[in-house]
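The values are calculated or read from the model by the stated rules, or taken from the named source; none is laboratory data. Here the structure is a predicted model, which means the values were calculated and not measured. Note: ideal-geometry Cβ built from the backbone for every residue, glycine included; neighbour counts use all protein chains shown.
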Ligand SMILES: C[S@@+](CC[C@H](N)C(=O)[O-])C[C@H]1O[C@@H](n2cnc3c(N)ncnc32)[C@H](O)[C@@H]1O
């Protein structure tokens, strides 16, 4: 597999929101292209960082996919409490760009379980509450819903945070031992688990991530680290241009106010 020919080489996010998932954006984009899942379910959506990448990849690849977003949009003690504006902005972005390929379930994860038949989900992303018990519970309750040959993603498999009682790393270390898996080697870590033992023989992308040689895996690592740097640089440049634009607007407003005050003073003197 030639990394420089992966679809993500041309990828820039359509929607910019705050998300520590940014370092996985390029991988998520490629995964949709090569998996072509019918059903994607995300548990834990927040502003939509990862969710909108999946949606963008569905549109770009023409994959026959519906992406389901499951969240209370209340936040939690680790991600922080959310006010209503998060959900409203998420919905505005979703409806503007991805209304035809996405659905929302604003509820607790358990409440959404019955909406999906057994073995119907091709890609499940677990990114809710990050304690050991919560992640284990999410995995165990949702596993029957994942199709054979489906993929389960776990965010934050490298995070060590005792203060906030993060436990994804411990759970992932236990879980991955006897299963086909891949791991994004970046700051927070993304665990990628294959449900099954036999990969589709024609899928070169899946073969490389799950059974690649050390050289192939090293190349993949380097490629996605490069893509992460590229997206971060681009995000900073955009932030810079946005703040420059804001400064220009504020300067124009200030000038306008100064003129109004000066005119008022002249009018006062004249009368
Ligand atoms: C870490 S954030 C998700 C980050 C997101 N995937 C991204 O790309 O930025 C976790 C989210 O999970 C939601 N959440 C946590 N536990 C939940 C539960 N049991 N049911 C529904 N939502 C939950 C929170 O409201 C929060 O928005």
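What the table below lists for this structure:
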{"read-out": "Number of positions in the stretch 1-48 that are in a loop (DSSP other than H, G, I, E, B) and within 13 Å of residue 223 (Cβ to Cβ)", "value": "4"}
{"read-out": "Cβ pairs under 7 Å, 6+ apart, first in the stretch 115-129 and under 20 Å from residue 72 (Cβ atoms) and modelled with pLDDT of 95 or more, second assigned to a loop (DSSP other than H, G, I, E, B) and within 16 Å of the ligand (Cβ to nearest atom)", "value": "127/44; 128/44; 129/78"}
{"read-out": "Subset of the stretch 57-87 [in a loop (DSSP other than H, G, I, E, B) and near the ligand (Cβ under 8 Å from one of its atoms)]", "value": "72, 73, 74, 78, 79, 82"}
{"read-out": "Pairs, first within 10 Å of residue 67 (Cβ to Cβ) and more than 6 Å from the ligand (Cβ to nearest atom) in the stretch 44-56, second modelled with pLDDT under 95 and part of a helix (DSSP H, G or I), C-beta under 7 Å, six or more apart", "value": "none"}
{"read-out": "Candidate set: the stretch 119-135, residues that are within 15 Å of the ligand (Cβ to nearest atom) and farther than 13 Å from residue 43 by Cβ; chosen: the one nearest to the chain's Cα centre (by Cα)", "value": "131"}
{"read-out": "Pairs with Cβ under 8 Å, 6+ apart, first in the stretch 94-111 and within 15 Å of residue 74 (Cα to Cα) and touching a residue at least 24 places away in the same chain (Cβ under 8 Å), second part of a helix (DSSP H, G or I) and within 9 Å of the ligand (Cβ to nearest atom)", "value": "105/111; 105/112; 109/138"}
{"read-out": "Output for the stretch 132-148, where each listed residue is farther than 15 Å from residue 68 by Cα and in contact (Cβ under 8 Å) with a residue 40 or more places away in the chain", "value": "138, 143, 147, 148"}
{"read-out": "Residue that is surrounded by the fewest Cβ atoms within 10 Å (Cβ to Cβ) [pool: residues in the stretch 76-101 that are over 30 Å from residue 163 (Cα atoms) and in contact with a strand residue (DSSP E or B) (Cβ under 8 Å, 6 or more places away or on another chain)]", "value": "91"}
{"read-out": "From the options 179, 169, residue that is without any contact (Cβ under 8 Å) to a residue 24 or more places away in the chain and buried (at least 18 other Cβ atoms within 10 Å of the Cβ)", "value": "169"}
{"read-out": "Residue that is nearest to the ligand (Cβ to nearest atom), among those in the stretch 107-117 that are more than 19 Å from residue 64 (Cα to Cα) and buried (at least 16 other Cβ atoms within 10 Å of the Cβ)", "value": "109"}
{"read-out": "Yes/no for residue 15 being over 30 Å from residue 196 (Cβ atoms), within 13 Å of the ligand (Cβ to nearest atom) and under 12 Å from the mean Cα position of the chain (by Cα)", "value": "yes"}
{"read-out": "Residues of the stretch 144-166 classified as surrounded by 15 or more Cβ atoms within 10 Å (Cβ to Cβ) and assigned to a helix (DSSP H, G or I), total", "value": "1"}
{"read-out": "Selection from the stretch 169-182 of residues that are outside any loop (DSSP other than H, G, I, E, B) and touching a strand residue (DSSP E or B) at 6+ places or on another chain (Cβ under 6 Å)", "value": "172, 181, 182"}
{"read-out": "Yes/no for residue 259 being more than 23 Å from residue 17 (Cβ to Cβ) and either at pLDDT 95 or above or not in a helix (DSSP H, G or I) (or both)", "value": "no"}
{"read-out": "Residue in the stretch 217-240 that is out of contact with any helix residue (DSSP H, G or I) (no Cβ under 6 Å at 6 or more places or on another chain), modelled with pLDDT of 95 or more and in a loop (DSSP other than H, G, I, E, B) present", "value": "no"}
